[in-house]
Each structure stands twice: as structure tokens, then as C-alpha cells.
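Below: the structure, in C-alpha cells.
The values are calculated or read from the model by the stated rules, or taken from the named source; none is laboratory data. Predicted model only: the values in this text are computed from it and were never measured. Here the Cβ is made from the backbone with ideal geometry for all residues, glycine too, and neighbour counts use every protein chain on show. Surface accessibility is based on the protein's heavy atoms, side chains included, excluding ligands, DNA and RNA. Shrake-Rupley method; radii C 1.70, N 1.55, O 1.52, S 1.80 Å.
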Number of protein chains: 2
Amino acid sequence: MQGSRMKALEEKILTEGTVLPGNVLKVGGFLNQQIDSDFIMEIGKEIARLYESEHITRVLTVESSGIAIAVAAGIALHVPCIFAKKHRSANMPREVYTASVYSYTHRETYEIAVAKDYLSSADRVLIVDDFLANGNAVRGLMRILEDAGAQLVGCAIAIEKGFQGAGDELRAKGIRVESLAIVDAMTDESVRFRAQ
Amino acid sequence: MQGSRMKALEEKILTEGTVLPGNVLKVGGFLNQQIDSDFIMEIGKEIARLYESEHITRVLTVESSGIAIAVAAGIALHVPCIFAKKHRSANMPREVYTASVYSYTHRETYEIAVAKDYLSSADRVLIVDDFLANGNAVRGLMRILEDAGAQLVGCAIAIEKGFQGAGDELRAKGIRVESLAIVDAMTDESVRFRAQ
């Protein structure tokens, strides 16, 4: 079995990423803010390959940094992509599933919401995100899936901060978490990846 | 010459869209909130076809509803996609281009920002968005391009609200605006599209 680690992503992190104070790994040049379109499509295809036998019906992410990778995965899997909004918008139906998520980056708690129209108990859902650090966003999305009675098939993450432990906690609960790169340690000078 | 109107989008608006009070056209089932992945890729390819001879170097949008369509256009054009953030994030470099945008939907003025790293005077930029209504977001992105000295090649919009006039105002200034569907009037019962 081929594993889930994606060598090209590890190389891109090493050549184009920057470590900032506060354990921030800046990859804004290709994964957020600026998206390397061809590369994000390669990531989407790799996610589709990992989950191709799982009969996924929906890809779920949270706005806004997860949208690009989730759309690429949706395109590769040929299934709709849903994004949880961080605030109810004027155009959002009143009937929504919601969850509270605490963001360490922004030091605030925000609400995420998905319209009930877009998730049902018939759905087999893949959660996709650019980063997995403390896992709060993923856990918020999991609560929304529970409310909807939808089945969580697994998570597909571009970059997991392994040293923050959330990925391994989820795996210990029996949840399939596929991360294309897992950073187990990082300093200004180096990034250490978990082996396959 | 084949025009820019996309029949499949008009049909999807008619079958899956809903008109809400306040001139809101709700297309959350396929264009926001939930993305029809195959269809968004078709939209991306159509945008690429319209601008294929223009040597685009960057696609630019504003988070978060524009990201899906901009990424699809970026994938089809094989160029990077940049999204302006609505608030400076912890991970954003201090050196940014900014503009103020008034949102009629949310009745507030917000700042948009693009890191200076991602735009230069060598860029030929395509602005992409899901909706063009009053044009405030596009004008904010245009100010950012002016600050960067980058060239605006044109705009590619999924749904233009023609009755709000911003698209025609931009065209009158000589800006190329390609909208895949232009709604010239809408009521609870009907949506009238502008002919090719």
C-alpha cells in the first residue's frame, strides 16, 4: 500500500515555506493567500486517490483557507463541496447546523454553520482542510456531521502539525486522518517531517 | 465569435436558484456554501477559454465566496490564484496593499488586503468573482492592482446583476467584463437574462 505522505508537498514546504514565531508555518505563497493552482489540483487528486473506494458523497471544509483544497478534492472526487460559514450570512437559510470553534490563531471563539439543505443522514463525508493543528475546526465540523446524522468517512489534511497532537488523538479514536505532510518539529532553521 | 454567456449556468440558476427579498439571488446550492465541483470546473474552463490569448499571470479574487470559482479558473489557466483577505491575519506579512470596500449585503465597510509578495508590475491580472452587483469588491481589487502597478486584463464573473449597473459602468470605462450570466430583472416568479 502506498502511504498518504506527498513528497512534493514536503519539498515545497522546505523550499517555499517560512517558520514564524509562535509555531506558525507560513505557506501563503502556494497554499493560502496565493494558491499554486496546478499544485492544489495535484493535492486534490492525491486526496481522491486515498479515498477513492470510500463512496464519498460530500467534501466538507470551513471557510476560508480550506476552500481551495476542498474544491480541488471535490473536483477530483466529482462530488459537491460544502463549506461551513464562520458567520451566518444574509443569504443563509435559518435552518442551520452550528458549532462553536475556538481559534488559537485569532484568540477568539466563532460559530460555524452549514445549511441543513446540504447535509443529510445519507451522506458519507470527507472533511478536508489545509492545516490540522489543535483540531478545533475538525472537531467543530464533526459535531455538525453528528447533528446531521451524516457519516464521517475520514479527514484529508494538507499539513498536519504533528507536535500539536490533534491528528494522533483523532486516529486513537479510530478516525481515519490522512495528512499529506506531517511536521513533527520545526525551528527557524529546519522542519522535521514524520516518516511514511 | 462565441460570446461569454454560458447557457448551462442560466439553466442552473432557473432550476436551482431562488429569489429572496432584497434582490438576493440565492444560488448557495451550487455556487456558494455548496459547490457543484464538476460545474465549477466547467465555469473555470469557460473563463480560461475567454481569456486564453491574454497571457494572464494571476487570478485575483476576494475571500471567501470568490475562492472556489477563482481556484477553478486558476486550475484551468494554469496560473496562481490570489485571494484578498478581508482582515489581516496573524500569518500575513506586514507589507500589504489594502483597499476599503463597502458591502451592501452586510451593511459595513471592511478592509481587503493582499501581501505585496504576490503582486508586481509584471503581472497581468484577471479579477474573478461569483457575483457582480454594485461593483464595490471589484473596484477595491482594482485599487489594489493600481497600487501594485499590475495590469488589469479584465474581469470574469459568474453572475452579474445587470440591473444594478456596475458591469456596464466598468465596460463604459473600457474594462473587459465577461459575465457568464447577466440577470437584467428578477421577481419571485421569473429571472430575465440579458441576451448574448
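On the basis of being outside any loop (DSSP other than H, G, I, E, B), closer than 29 Å to residue B:111 by Cα and aliphatic (A, V, I, L, M), does residue B:47 make the cut?
The answer is yes for residue B:47.
Just checking, how many residues over the range A:25-45 are open to solvent by 30 Å² or more (accessible area, probe 1.4 Å) and either closer than 22 Å to residue A:195 by Cα or touching an Asp or Glu at 6+ places or on another chain (Cβ under 9 Å) (or both)?
Adding up the residues that qualify gives 4.
Right, residue B:60: open to solvent by 20 Å² or more (accessible area, probe 1.4 Å) and not polar (S, T, N, Q) or not?
no
Yes or no, residue by residue, for (1) small (Gly, Ala, Ser); (2) within 12 Å of chain B (Cβ to nearest Cβ):
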residue: A:61; (1), (2): no, yes
residue: A:70; (1), (2): yes, yes
residue: A:77; (1), (2): no, yes
residue: A:87; (1), (2): no, yes
residue: A:99; (1), (2): yes, no
residue: A:106; (1), (2): no, yes
residue: A:111; (1), (2): no, no
residue: A:114; (1), (2): no, yes
residue: A:118; (1), (2): no, yes
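Among the residues of the range B:146-196, which ones are exposed (fewer than 15 other Cβ atoms within 10 Å of the Cβ) and part of a loop (DSSP other than H, G, I, E, B)?
Those that are exposed (fewer than 15 other Cβ atoms within 10 Å of the Cβ) and part of a loop (DSSP other than H, G, I, E, B): B:149, B:165, B:173, B:174, B:187, B:188, B:189, B:190, B:195, B:196.
Kindly indicate whether residue A:90 is over 21 Å from residue A:69 (Cα atoms) and either modelled with pLDDT under 90 or part of a loop (DSSP other than H, G, I, E, B) (or both).
Yes.
Can you find even one residue in the range B:118-131 that is in a helix (DSSP H, G or I) and over 18 Å from the mean Cα position of the chain (by Cα)?
Scanning the range B:118-131, I find at least one residue that is in a helix (DSSP H, G or I) and over 18 Å from the mean Cα position of the chain (by Cα), so the answer is yes.
I'd like to verify a number: residues in the range B:2-44 that are at negative phi and outside any helix (DSSP H, G or I), how many?
Going through the range B:2-44 one residue at a time, the tally reaches 22.
Which residue out of B:147, B:168, B:188 is without any contact (Cβ under 8 Å) to a residue 40 or more places away in the chain and of a type in the set (D, E, K, R)?
Of the residues listed, the single one that is without any contact (Cβ under 8 Å) to a residue 40 or more places away in the chain and of a type in the set (D, E, K, R) is B:168.
Of the conditions (1) part of a helix (DSSP H, G or I); (2) open to solvent by 60 Å² or more (accessible area, probe 1.4 Å), residue A:142 fails just one. Which one is it?
Every condition holds for residue A:142 apart from (2).
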